[in-house]
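Worksheet: one structure, shown below.
Any read-out appearing in this document is the output of simple, stated calculations on the displayed coordinates, not a laboratory observation. Computed from a predicted structure; not experimentally measured. Cβ coordinates were reconstructed from backbone atoms using ideal geometry, including for glycine residues, and neighbour counts include every protein chain displayed.
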Amino acid sequence: MATDLNNLRAIARACTRVENRSPGHEQLLKELFPQSGRAFTLGITGAPGAGKSSLTSALVSALRARELRVAVIAVDPTSPFTGGALLGDRIRMQAHHADPGVFIRSMATRGALGGLAPATHDLALVLDAAGFDWILIETVGVGQDEVDIARLAHLTAVVLAPGMGDSVQAIKAGILEIADLFVINKADLPGAAQLETDLSDWGKPVLQTIATTADGIEALFQKTIELRHALPPDRAIDHWAFRLRRMYAERQQLRLDSGAVLAAARRVAGREADPYTIIEEWLKA
Ligand SMILES: Nc1nc2c(ncn2[C@@H]2O[C@H](COP(=O)(O)OP(=O)(O)O)[C@@H](O)[C@H]2O)c(=O)[nH]1
Ligand SMILES: [Mg+2]
């Protein structure tokens, strides 16, 4: 049965089908959808080196101590290796690899058919349906894809570290706006207090952590639970409205025949036709 996800290998296989957009993956997602909706997704985003992977690993330990099943999706567009996170991430996460209550997946495929954000969300749906209680999505907060990924998590933690230049200014306003909470990691380094002052203007909770020693992880967990319970009920509707628009636009794009696009582009470039009429005709078709 296609929807049988009761072991890690079956889950990994389903993830691969969804990630590669293999034939039939949509049918699989349709079948899994009714089993989804129970997992809590936390986006963990921020600049490279801020300590997102370390923090993720520490959070996994905190969740496992409570016997919660946790899946991690590491989205790292900077890594050229398919399915490969950075070596450091691998080593850090190795501690969890033998644990059947933990599932770790890297998404490294830039330019995935239909885009990185939709593929990541579909992956999260598979893991949700597979019964994971928490899904941690680590993204590098640089591009629109990553912002979209983080935006659609239940909550998003933006991770900053002192001594990384003008962190607050360096991180784009877009990523600060999607933050539900700020984590100042590497609080053992000088400048953490100043960073906290800088961040206080945003009116969001700010927590300090030292991921490498698990300092502050318990408080981060508690704050996350608190924010989770205070989530506005409309948020899920907003997220789905956003996703439905995206999904529709993608399907439209995939339906376009590239030969026909090229032929139309030639006509527009040659001023034989105007692009507005062409789009109108496509929408009617
Ligand atoms: N001093 C200090 N170093 C940390 C802390 N958290 C992570 N690091 C180190 O910072 C580096 C980058 O961490 P990593 O988790 O890979 O960052 P990422 O790129 O945001 O995922 C690694 O060498 C970590 O060991 C911390 O709280 N304090
Ligand atoms: Mg990382």
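Between LEU244 and GLU26, the simple label model (points 7 Å from Cα in the Cβ direction) yields a spacing of 1.7 nm. Taking label points 7 Å from Cα along the Cα-to-Cβ direction, ASP215 and SER200 give a separation of 2.0 nm. Taking every alpha-carbon pair under 8 Å whose residues sit at least 6 apart, the chain reaches a relative contact order of 20 percent. Look at the Cα gyration tensor of the stretch 155-285: its axes a ≥ b ≥ c give a/c of at least 1.5 with a/b over b/c, and that counts as prolate. Other residues with beta-carbon under 14 Å from the beta-carbon of HIS229 carry, at +1 per Lys or Arg and -1 per Asp or Glu, a net charge of +1.
For the stretch 220-285, the list of GluC sites (Glu not before Pro) that fall in a loop by DSSP and count at most 11 other C-beta atoms within 10 angstrom reads GLU272. The slack in the chain from ASP188 to ILE225, taken as 0.36 nm per residue of separation less the alpha-carbon distance, amounts to 10.8 nm.
Each Lys and Arg adds +1 at its Cβ and each Asp and Glu adds -1 at its Cβ; summed about the Cα centre, the chain shows a dipole of about 720 debye. The residue list ALA119, HIS96, SER54 was ranked by how far each Cα lies along the charge dipole of the chain toward its positive end, using unit charges on Cβ atoms, and ALA119 comes out on top.
With the convex hull drawn over the C-alpha atoms of the chain, the volume per residue is 161 Å³. Compare ALA230, ALA65, ALA264 in a GNM of the chain, Cα atoms joined below 10 Å, and give the one with the largest fluctuation. Between ALA230, ALA65, ALA264, it is ALA264 that shows the largest mean-square fluctuation. Counting neighbouring beta carbons within 10 Å and listing from fewest to most, the residues LYS284, LYS52, LYS30 come out as LYS284, LYS30, LYS52.
Let a ≥ b ≥ c be the square roots of the eigenvalues of the Cα gyration tensor of the stretch 184-227; is it rounded (a/c under 1.5), or, if not, prolate (a/b larger than b/c) or oblate? The shape class here is oblate. For the chain, the number of Lys pairs separated by eight or more positions or lying on different chains, with C-alpha atoms closer than 29 Å, is 11.
Estimated from helical segments only, the mean residue ellipticity of the chain at 222 nm is -15000 deg cm²/dmol, where each DSSP H run of four or more residues counts as -39500 (n - 2.57). Full extension of the chain between ALA263 and ILE278 gives 4.3 nm of extra length, using 0.36 nm per residue less the Cα-Cα distance. Using a Gaussian network model of the chain in which every pair of alpha carbons under 10 angstrom is joined by a spring, one finds that among GLN208, GLN144, GLN252 the greatest mean-square fluctuation is at GLN252.
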